[in-house]
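*Asks:* One structure, as structure tokens, below. Some questions next.
The values are calculated or read from the model by the stated rules, or taken from the named source; none is laboratory data. Being a predicted model, the structure only gives us computed values, none of them experimental. Cβ placement follows ideal geometry from the backbone for every residue including glycine, while neighbour counts extend to all protein chains displayed. In case anyone asks, the SASA skips ligands and DNA or RNA and just uses the protein heavy atoms, side chains included. Shrake-Rupley method; radii C 1.70, N 1.55, O 1.52, S 1.80 Å.
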Amino acid sequence: MIAVEGITKRFAAVQALAGVTFRVDRHEILGFLGPNGAGKTTTMRIITGFLPADSGTVSVDGFTIPGQSRHVRRGVGYVPENAALYRDMTVRGLLAYFAALRGVPRRRRSAAVDSVVERCVLGTVQGRVVGELSRGFRQRLCLAQALVHAPQVLVLDEPTVGLDPKQIHEVRNLIRELGSDLTILLSSHILPEVSATCDRVVIIHQGKIVAEDTTAGLAARLEGVLTVRLSIRGGADQIRALFASLPYVRVVSLRPGEAGVVRGEVRMGGDPALREELARAVLMSGLGLHELTPEGASLEEVFLELTREEAE
């Protein structure tokens, strides 16, 4: 449905994109993940026809950019980050206005507005002025305006930025429902959002794709590297000195707890024998081992590993 092939983009001295290539299958929700400044928004603006690439091509439902940008825009619904809305219009009036802009025939506009009002659960506010809406309803309205011309592809740039936890949950559920019959590309730097919403993940860093897989598949890349949660009774300096002497252990975090117990996480090899050796080393040093719990790799760990800056 979406095929991005080798797109590049430079802004003055900054190489924003360097040969970005990936695809989104029909009826798939793809998470486009990366730290701020990685190139997510630039890529999405190129896919939606709002920004030209320096080189490379984008194909959306058989239409190609460059060359058929107008056809691509007709078939795509786009919600940019911090989308602008006309605050003095009513919800229904705004949706009718966007329907006209997007070429929905006059005889079908009322039905098109009815459809997205129902789909995005805006019925209770459809007669209200946009400027009076809560942030959550404004975000639903942004989704509705992107759907009013019945596109097959939906592109969402940071769709839950600025929402409270309840609103985030509601918007995520709505996106999952939309994914049953739309193809969705969703950018985010919020890891739980991608894990909870997306079928597959593409990670971009410094303008380059560094990984592409399901969340489970990405986690499997760190197979053999294990995070271990620990609770140890003893002094933090003594515990750090012990871990520094063990070549197979890398400290992630240590923090003081109650009753002289230090809690933290370390990274180490996945061999069970190493866990036994770690437990033995703690006990032989005179420290008290209260907990040693191995945990599987999370998307957060994969993300940090793949986007880790090289030390200068």
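*Asks:* Picking from 204, 173, 241, whose Cα lies most toward the positive end of the charge dipole for the stretch 164-287 (charges on Cβ: Lys, Arg +1; Asp, Glu -1)?
*Replies:* 241
*Asks:* Let me ask another. Could you state the angle between the C-alpha long axis of helix 106-119 and the longest principal axis of the C-alpha atoms of the chain, as a value from 0 to 90 degrees rounded to the nearest 10?
*Replies:* The two axes meet at around 20 degrees.
*Asks:* Listed highest first by mean packing, meaning other Cβ atoms within 10 Å per residue, what order do 96-109, 65-78 come in?
*Replies:* Averaged packing, sorted descending, gives the order 65-78, 96-109.
*Asks:* May I pose another question? As a test of the formula, what do you get for the chain when each DSSP H run with n ≥ 4 contributes -39,500 (n - 2.57) and the sum is divided by the residue count, at 222 nm and rounded to the nearest 500 deg cm²/dmol?
*Replies:* On the way: 11 runs with 109 residues, N = 312.
The helix-only estimate for the chain comes to -10000 deg cm²/dmol at 222 nm.
*Asks:* Residue-wise, which Karplus ³J(HN,Hα) couplings in Hz belong to the stretch 241-256, taking 6.51 cos²θ - 1.76 cosθ + 1.60, θ = phi - 60°, and x for glycine or proline?
*Replies:* 4, 5, 5, 5, 7, 9, x, 8, 10, 10, 6, 8, 7, 9, 8, x
*Asks:* Which FRET efficiency value, to the nearest 0.05, do you get for residue 71 and residue 121 by plugging their Cβ-Cβ distance into 1/(1 + (r/R0)^6) with R0 = 41 Å? Please list the in-between numbers first.
*Replies:* Working: r = 31 Å, r/R0 = 0.75.
That gives a FRET efficiency of 0.85.
*Asks:* If you don't mind, there's one more thing I want to ask. Specify the inter-centroid distance of the stretch 175-220 and the stretch 1-68, based on alpha-carbon positions, in whole Å.
*Replies:* Value for the Cα centre distance between the two parts: 15 Å.
*Asks:* Report, to two decimal places, the Cα Rg of the stretch 2-214 normalised by 2.2 N^0.38 Å (N = number of residues). Let's see the in-between values first.
*Replies:* On the way: Rg = 16.8 Å, N = 213, 2.2 N^0.38 = 16.9 Å.
Relative to the rule-of-thumb radius for its length, the stretch 2-214 sits at 1.00.
*Asks:* So if I restrict to the alpha-carbon atoms in the stretch 55-176, what is the Rg, and what is Dmax, the biggest pairwise distance, in Å?
*Replies:* 14.8, 46
*Asks:* If you don't mind, another one. Put 275, 119 in order of accessible area, largest first, 1.4 Å probe: what do you get?
*Replies:* 119, 275
*Asks:* Under a point-charge model restricted to the Cβ atoms of Lys and Arg (+1) and Asp and Glu (-1), what is the dipole moment magnitude of the chain relative to its Cα centre, in debye to the nearest 20? Can you show the working numbers first?
*Replies:* Details: 37 positive and 35 negative charges, 287 e Å.
About 1380 debye.
*Asks:* Using only the heavy atoms of the protein chains and a 1.4 Å probe, how would 32, 50 rank by accessible area, largest first?
*Replies:* Values: 32 0, 50 130 Å².
I get 50, 32, largest accessible area first.
*Asks:* While we're on this one: Over the alpha-carbon set of the stretch 116-189, divide Rg by the Kirkwood Rh and report the Rg/Rh ratio to two decimals.
*Replies:* Taking Rh as the inverse mean 1/r over Cα pairs, Rg/Rh reads 0.94.
*Asks:* Turning to a different aspect of this structure: So if the hydrodynamic radius of the stretch 226-296 is defined as the Kirkwood radius over C-alpha pairs, what does Stokes-Einstein give as its diffusion coefficient at 4 °C and 1.567 mPa s, in µm² per second?
*Replies:* Numbers: Rh = 11.9 Å.
Calculated translational D: 109 µm²/s.
*Asks:* Under 26 Å Cα-Cα from residue 9, which lysines qualify once same-chain neighbours fewer than 8 residues away are excluded?
*Replies:* Leaving aside lysines fewer than 8 places away in the same chain, those within reach of residue 9 are 40, 208.
*Asks:* Cα-Cα pairs above 19 Å in the stretch 158-293: how many percent? Walk me through the numbers before you get to the answer.
*Replies:* Details: 5764 of 9180 pairs.
Beyond 19 Å sits 63 percent of the P(r) for the stretch 158-293.
*Asks:* Show me 205-214, 252-261 ranked by packing, highest mean number of other Cβ atoms within 10 Å first.
*Replies:* Working: 205-214: 17.0, 252-261: 11.0.
The packing order, highest mean first, is 205-214, 252-261.
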